[in-house]
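A short write-up of the structure that comes next.
The values are calculated or read from the model by the stated rules, or taken from the named source; none is laboratory data. For clarity, every value in this text was computed on a predicted model and none was experimentally measured. Quick reminder, even Gly has a Cβ in these numbers, built from the backbone with ideal geometry, and neighbours come from all protein chains shown. The protein model used for the area step is the full one, side chains on, heavy atoms only, and it has no ligands, DNA or RNA in it. Shrake-Rupley method; radii C 1.70, N 1.55, O 1.52, S 1.80 Å.
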Amino acid sequence: MIVPASPVRAGPAGRPRPAGIARQTRDAALMKIDPIHQFNIEPLFTLGHIGNQTIAFTNSSLYMLIAVAIISLLMLASGSQLVPGRLQSVAEISYEFVASTIRSTAGSEGMKFFPLIFSLFMFICVSNLIGIIPYTFTISSHLIVTAALALLVFFTVLIYGVAKNGVKFFSIFVPHGVPGYILPLVMFIEILSFFLRPVSHSVRLFANMLAGHIALKVFAGFVAMLGFSLGALGWVGGVLPLALTVALYALEILVAFLQAYVFAILTCIYLNDAIHPGH
């Protein structure tokens, strides 16, 4: 197929310049509105090599360190004054929130896992909130991160449950009161659901953060596309997508906290099986 050449006109110093330069600029700007681009893991610098594999410090690693630094500063700088300040109030509320969640789901014996659950909750919550800020990176939008956290919980439950209860731990696969003729089927379902816990535990967090950020970028992109395509009229028409973007942004802030809470409370429920098998 023969494509006709674009008309050209003389530019500065007599050099030819495409007549559609404005259209090309607009198209380039529209191509930048990519909802997936925000999830790219980019290497910042190289740490070394293992064989042919490059070990790099990435933007994901950077934001993990930022989340840990913020949590550490919050805990260390909060102080222990009789009349708490703002930072101390946030730290105390976070502590009591996680502690009450553990007591209500795993009992007082579950408090031995408080450091683990508190660390998971704060890390996920802070990293999610950081990811809401424009031009930052959302750690939990990658399945490899959420799967690592879910597997940490899974193996903690499995190892502690076997170490504490021995063979009795496996009674969680045999519900009480099930008739013998359907017991094998029920046991198969219970075993399958147990080993699928890391999948549901990780995918829930990953999918919610991924879908929410894509929706934000798409609606924000509508505003830019209308403006580039229709000019002043487009910017006026972009008021509705802009309002929806603001509403979605507020919803994403709630989801960022809610997903951290869901991850933490599911961890407590799973640990309760290891502490009190068969209950």
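Please work out which one of (1) modelled with pLDDT of 90 or more; (2) among the aromatic types (Phe, Trp, Tyr); (3) open to solvent by less than 10 Å² (accessible area, probe 1.4 Å); (4) more than 30 Å from His213 (Cβ to Cβ) is the condition Phe113 fails and give its number.
Going through the list (1) modelled with pLDDT of 90 or more; (2) among the aromatic types (Phe, Trp, Tyr); (3) open to solvent by less than 10 Å² (accessible area, probe 1.4 Å); (4) more than 30 Å from His213 (Cβ to Cβ), Phe113 breaks only (3).
State which residue is farthest from His201 (Cα to Cα) when the search covers only segment 265-278 and only residues that are open to solvent by less than 10 Å² (accessible area, probe 1.4 Å) and of a type in the set (A, V, I, L, M, F, W, C).
Applying the filter and picking the extreme gives Ile275.
Does segment 196-206 hold any residues that are open to solvent by less than 40 Å² (accessible area, probe 1.4 Å) and small (Gly, Ala, Ser), and which are they? Show your work before the answer.
First, pick out the residues of segment 196-206 that are open to solvent by less than 40 Å² (accessible area, probe 1.4 Å): 198, 201-202, 205.
The one that is open to solvent by less than 40 Å² (accessible area, probe 1.4 Å) and small (Gly, Ala, Ser): Ser202.
Go through (1) touching a Phe, Trp or Tyr at 6+ places or on another chain (Cβ under 9 Å); (2) surrounded by 13 or more Cβ atoms within 10 Å (Cβ to Cβ); (3) farther than 21 Å from Val262 by Cβ one by one and return the number of the condition Ser61 breaks.
All conditions are met except number (1).
Among residues belonging to segment 117-165 that are of a type in the set (Phe, Trp, Tyr) and open to solvent by less than 20 Å² (accessible area, probe 1.4 Å), point out the one that is farthest from Tyr249 (Cα to Cα).
Filtering segment 117-165 for residues of a type in the set (Phe, Trp, Tyr) gives 118, 121, 123, 135, 137, 154-155, 160.
In the following step, the residues that additionally are open to solvent by less than 20 Å² (accessible area, probe 1.4 Å) were identified as 121, 137.
Values: Phe121: 21, Phe137: 15 Å.
Filtering segment 117-165 for residues that are of a type in the set (Phe, Trp, Tyr) and open to solvent by less than 20 Å² (accessible area, probe 1.4 Å), the one farthest from Tyr249 (Cα to Cα) comes out as Phe121.
State whether the residues of segment 249-257 include one that is under 17 Å from Phe195 (Cα atoms), in contact (Cβ under 8 Å) with a residue 12 or more places away in the chain and surrounded by 14 or more Cβ atoms within 10 Å (Cβ to Cβ). Explain how you work it out, then say what you get.
Within segment 249-257, the subset under 17 Å from Phe195 (Cα atoms) is none.
Within segment 249-257 (the criterion being under 17 Å from Phe195 (Cα atoms), in contact (Cβ under 8 Å) with a residue 12 or more places away in the chain and surrounded by 14 or more Cβ atoms within 10 Å (Cβ to Cβ)), the answer is no, since none of the residues qualifies.
Being modelled with pLDDT of 90 or more and surrounded by 14 or more Cβ atoms within 10 Å (Cβ to Cβ) narrows it down to one of Ser94, Ser193, so name that one. Talk me through it step by step, then tell me what you get.
Working: Ser193 fails: surrounded by 14 or more Cβ atoms within 10 Å (Cβ to Cβ).
Checking each option against the conditions leaves just Ser94.
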